[in-house]
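Nothing in this text is a laboratory measurement; each read-out follows from the coordinates by a stated rule. Predicted model, so just to flag it, every value in this text is computed and none were measured. Neighbour counts are summed over all protein chains in view; Cβ atoms, including those assigned to glycine, are modelled from backbone coordinates with ideal geometry.
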Amino acid sequence: MNIEAKELSKIYGEGENRVVALDKVSLKIVSGDFISVIGPSGSGKSTLLHLLSGLDRPTSGHLTYENKDIYGLSDKRLSALRRRRIGFVFQQFHLLPVLTVRENIIMPLLLDKKQPDEGYLEQLSHLLGIHDRMTHLPCELSGGQQQRVAIARALIAKPDVIFADEPTGNLDSRSGAEVMEMLSAIHEKMGKTLVVITHDNRIAAMADRQYSIVDGVLTEVVSG
């Protein structure tokens, strides 16, 4: 699924309180891309992810998925697009504490009134190293394991693109490295488009295409 942003801007407030969180950002994401966006806190990187994924609407600009402007969709249809074609991984794991690992993973499907593909679920659990944790509760897992569960949940609906917002932000360096290796493996083995927002240069360098964002302005990082 090809995604194209054209001069996306997000502005909060008016007059003296006016804040430009994102300033006329244009970006093309081609199916199978692995893109990183790096920037300090408050640079606009999470705002960019929210706009690219349809979680928020821009003040101005356009965003097309396969040449269709998704901001022209109703909230209901936009929500369905996110459930079925987009996977999200956040810094916070957002696992429901009273549900088992399996129940947390398949929750997006149940919300869409669908049943899981058991073969695919088993493939995911083995790929992410959580196949022996499926009946455990989140409190019985390490932080790294919880993030792997969150990644499995992001993948369960077989989305076209994964947006990861500081996916290692709540992990120690070792667990964070393992999570990024798994995201890279998912990109390579499953052909998923991967967009990672980070403040870590080492994570950003893993991507095929790297961008930096400062004060809401996006710039491609050209190596060499």
### Query
Say the cut-off is 18 Å between C-alpha atoms; which of Lys28/Lys189; Lys76/Lys192; Lys114/Lys158; Lys24/Lys45; Lys158/Lys189; Lys6/Lys192 go over it?
Lys28/Lys189; Lys76/Lys192; Lys6/Lys192
### Summary
Expected vector for segment 197-207, Karplus 3J(HN,Hα) from phi with 6.51, -1.76, 1.60 and θ = phi - 60°, integer Hz, x for Gly and Pro, equals 9, 8, 10, 9, 4, 5, 5, 4, 5, 6, 6
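Only counting other Cβ atoms within 10 Å, I'd like Asp132, Asp117 sorted with the fewest neighbours first.
Least to most surrounded, the residues fall as Asp132, Asp117.
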### Candidates per GluC sites (Glu not before Pro) in segment 1-51, loop by DSSP, up to 14 other Cβ within 10 Å
Glu14
### Task
Arrange Leu110, Leu128, Leu48, Leu99 by Cβ neighbour counts within 10 Å, fewest through most, would you?
Leu110, Leu99, Leu128, Leu48
### Task
Just rank Val19, Val161, Val217, fewest to most, by other beta-carbon atoms within 10 angstrom.
Val19, Val217, Val161
### Over the chain: helical MRE at 222 nm, DSSP H runs n ≥ 4 each giving -39500 (n - 2.57), nearest 500
-10000 deg cm²/dmol
### Query
When DSSP beta bridges are limited to those with both residues in the chain, what percentage is antiparallel, rounded to the nearest 5?
50 percent
### For the chain, size of Cβ-based charge dipole, Lys and Arg +1, Asp and Glu -1, in debye
560 debye
### For Phe34, distant residues with modelled amide H under 5 Å away
Leu194, Asp208, Arg209
## Note on the structure
With 0.36 nm assigned to each residue of separation and the Cα-Cα distance removed, Lys114 to Ala80 gains 11.0 nm
### Message
Below 8 Å, C-alpha to C-alpha, sequence gap of six or more: please give me the relative contact order for the chain in percent.
### Response
31 percent
